[in-house]
Amino acid sequence: MQARSAEIAIIGAGPAGAHLASRLAAEGRDVALFDPKGAWEKPCGGGVPTRAIREFAFILESSSYPRKLVHQITMISPLERRVTLTLDRPFAVYSRQVLNSLVLDRAIEAGANFIREGVSSFSRETGGWSLFTDAGNQWRARFLVGADGAASFTRRRLIGIFPKRDLALAFGYNITNQENGSNGDNGAHDCGPSTDEVVVRFPKEFTGYLWAFPRPGVVNFGVASKLGERTSDELRTLLNNFVSGFYGGRMPDSGRVSFFGAKIPTLDLASWKDLQTTGEGWVLIGDAAGFADPITGEGIYYAFKSADLFADALRDAQTSNGSSSTHQAAAASYKTLWRDAFGRDLEHASFRLPHFYHGRFFGRIFTDAMIMLARRHRGVRTILGRALVGEQSYVTLKRDLLRRAWQVF
Ligand SMILES: Cc1cc2nc3c(=O)[nH]c(=O)nc-3n(C[C@H](O)[C@H](O)[C@H](O)COP(=O)(O)OP(=O)(O)OC[C@H]3O[C@@H](n4cnc5c(N)ncnc54)[C@H](O)[C@@H]3O)c2cc1C
């Protein structure tokens, strides 16, 4: 069998891999993009933060990919205090199948070679890599990109899987809306959002949160918590109670409900310092690299951004030395680029995480205090809204909240 070849092999066609393929193909590179599933309903809330739709304007450009624009978020504290924030700039909620199609279609249009096969093994050979797919096909590539998500096979083969302390466990349901447009059976829901509103609930003594995200025709419900902190049964019970609260105290008919579960990288503070994302002939991007917000679990922005940074690094390395053997130089500058662009902020989020979920602020549970202050002060509401849509730096979050809090007391 004759091996096919590409300059760069990208394993995984989620937002990270497909966006990178699209950038590289548009710049004239020979890219092979592998994914056995193509565009699929990956377990996810599908919330695309404001910062992502601002920096990657193409996401909202085409109206053929339906999404919901969200202008309001209701937060519920562990002590049942509530606040509803109206966002200056909305964020978008997509079905993941739709979002992944949007990005994959762009990559194919730009000229990337999409191979609907999984990569089942790879090994080094002179001048690059040899890859085998689960369909029994062989490929050769000079450079390898791992964009295959939190359970990354590429990462496992190159440097090992994430340890338990670096992961969160998430469960959820996608629940289709009834045709009459109401959210629940009989249209009843005791604390539910309108179909345009996001709800976030912080349970007591819990490192994580519950959410309800409206999508076109569907509400996505979920719960995420540090892996190992709660059993799967405990998480499912919390989730079921949360969901049934929206539907008059009982779960909707099973025909409308589909369950999902998956892990999210939420790196421990100690893991950031030596986080390895590149090596001889390879880089990792997106979840495979560990790039998700440790407090919120939000990773779609970092998937796009890390892909973009590696594409920039490759373009600049090519320009500066004019040779085609620039992959290694690009990998080296990528390490600096991601740390500068978002690495330090995510590291700071890991530092803040214990305080965010378990700390105290003015003598109260931190999340309860935030919500109480937000109810009283517009400035606090603005900061919280910005934090929820990815527009507020964690490095300055505490200082900014304190400044506003003094004005309340
Ligand atoms: C329950 C849950 C809710 C979430 N909610 C949000 C949210 O609302 N907002 C947000 O920003 N983030 C959210 N996240 C995180 C978000 O889903 C990820 O950060 C994001 O999908 C990362 O994109 P990626 O392209 O790096 O990886 P992925 O989207 O995981 O894509 C990886 C791709 O690699 C493919 N693949 C895997 N193995 C192979 C192989 N061997 N060969 C070829 N292909 C392979 C897979 O099929 C997949 O398509 C959530 C995560 C979970 C689990």
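A few points about this structure:
- Cross-chain or 6+ apart pairs with Cβ under 8 Å, region 118-146 first and on the phi > 0 side of the Ramachandran plot and assigned by TED's automatic domain parsing to the domain that holds Ala39, then more than 14 Å from the ligand (Cβ to nearest atom) and outside any strand (DSSP E or B): Gly128/Gly281; Gly136/Met1
Residue-by-condition table, conditions (1) of a type in the set (A, V, I, L, M); (2) more than 26 Å from Ala170 (Cβ to Cβ); (3) out of contact with any Pro (no Cβ under 7 Å at 6 or more places or on another chain); (4) not assigned by TED's automatic domain parsing to the domain that holds Arg29:
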site: Ala288; (1), (2), (3), (4): yes, no, yes, no
site: Ala311; (1), (2), (3), (4): yes, yes, yes, no
site: Gln318; (1), (2), (3), (4): no, yes, yes, no
site: Ser333; (1), (2), (3), (4): no, yes, yes, no
site: Trp338; (1), (2), (3), (4): no, no, yes, no
site: Gly343; (1), (2), (3), (4): no, no, yes, no
site: His348; (1), (2), (3), (4): no, no, yes, no
site: Ile365; (1), (2), (3), (4): yes, no, no, yes
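- The set of residues in region 52-97 being within 15 Å of Thr382 (Cα to Cα) and either assigned by TED's automatic domain parsing to the domain that holds Leu384 or in contact with a helix residue (DSSP H, G or I) (Cβ under 6 Å, 6 or more places away or on another chain) (or both) consists of Ile73, Met75, Val83, Leu85, Leu87, Arg89, Phe91.
- Candidates Gly208, Gly217, Gly248, Gly228: the one that is crowded, with 23+ Cβ neighbours inside 10 Å and either more than 11 Å from the ligand (Cβ to nearest atom) or within 25 Å of the chain's Cα centre (by Cα) (or both) is Gly208.
- If you go through region 345-388 and pick out every residue that is surrounded by 20 or more Cβ atoms within 10 Å (Cβ to Cβ) and among the polar types (S, T, N, Q), you end up with 2.
- Selection status of Gly187, small (Gly, Ala, Ser), modelled with pLDDT of 95 or more and over 20 Å from Gly45 (Cα atoms): no
- Helices (runs of 4 or more DSSP H) contained entirely in region 46-159, each with at least 3 residues that are surrounded by fewer than 21 Cβ atoms within 10 Å (Cβ to Cβ) and within 16 Å of the ligand (Cβ to nearest atom): 50-55, 96-110, 153-158
- Scanning region 194-230 for residues that are assigned to a loop (DSSP other than H, G, I, E, B), within 23 Å of Phe356 (Cβ to Cβ) and not aliphatic (A, V, I, L, M) gives Phe202, Pro203, Lys204, Glu205, Phe206, Thr207, Gly228, Glu229, Arg230.
- Residue among Gly279, Gly297, Gly261 that is within 9 Å of the ligand (Cβ to nearest atom), under 23 Å from Gly160 (Cα atoms) and touching a helix residue (DSSP H, G or I) at 6+ places or on another chain (Cβ under 9 Å): Gly261
- You will find that of Asp312, Asp308, the residue that is more than 16 Å from the ligand (Cβ to nearest atom), surrounded by fewer than 22 Cβ atoms within 10 Å (Cβ to Cβ) and either part of a helix (DSSP H, G or I) or on the phi > 0 side of the Ramachandran plot (or both) is Asp312 and no other.
- Failed condition for Ala288, given (1) within 16 Å of the ligand (Cβ to nearest atom); (2) touching a Phe, Trp or Tyr at 6+ places or on another chain (Cβ under 8 Å); (3) assigned to a helix (DSSP H, G or I): (2)
- Matching entry among Ile365, Ile383, Ile371 (being of a type in the set (A, V, I, L, M, F, W, C) and free of Cβ contacts under 8 Å to residues at least 40 places away in the same chain): Ile383
- Hits in region 251-285 (condition: surrounded by fewer than 16 Cβ atoms within 10 Å (Cβ to Cβ) and part of a strand (DSSP E or B)): Val257, Ser258, Phe259, Gly261, Gly279
- Only one of Ala32, Ala9, Ala16, Ala39 that is in a helix (DSSP H, G or I) and touching a residue at least 60 places away in the same chain (Cβ under 8 Å): Ala16
- In region 9-29, residue nearest to the chain's Cα centre (by Cα) [restricted to those that are buried (at least 24 other Cβ atoms within 10 Å of the Cβ) and away from the ligand (no atom under 12 Å from the Cβ)]: Ser22
- Those helices (runs of 4 or more DSSP H) lying entirely in region 365-409 with at least 3 residues touching a strand residue (DSSP E or B) at 6+ places or on another chain (Cβ under 8 Å): 366-376, 378-388
The values are calculated or read from the model by the stated rules, or taken from the named source; none is laboratory data. Computed from a predicted structure; not experimentally measured. For neighbour counting, all protein chains shown are included, and Cβ atoms are generated from backbone atoms with ideal geometry for every residue, glycine included.
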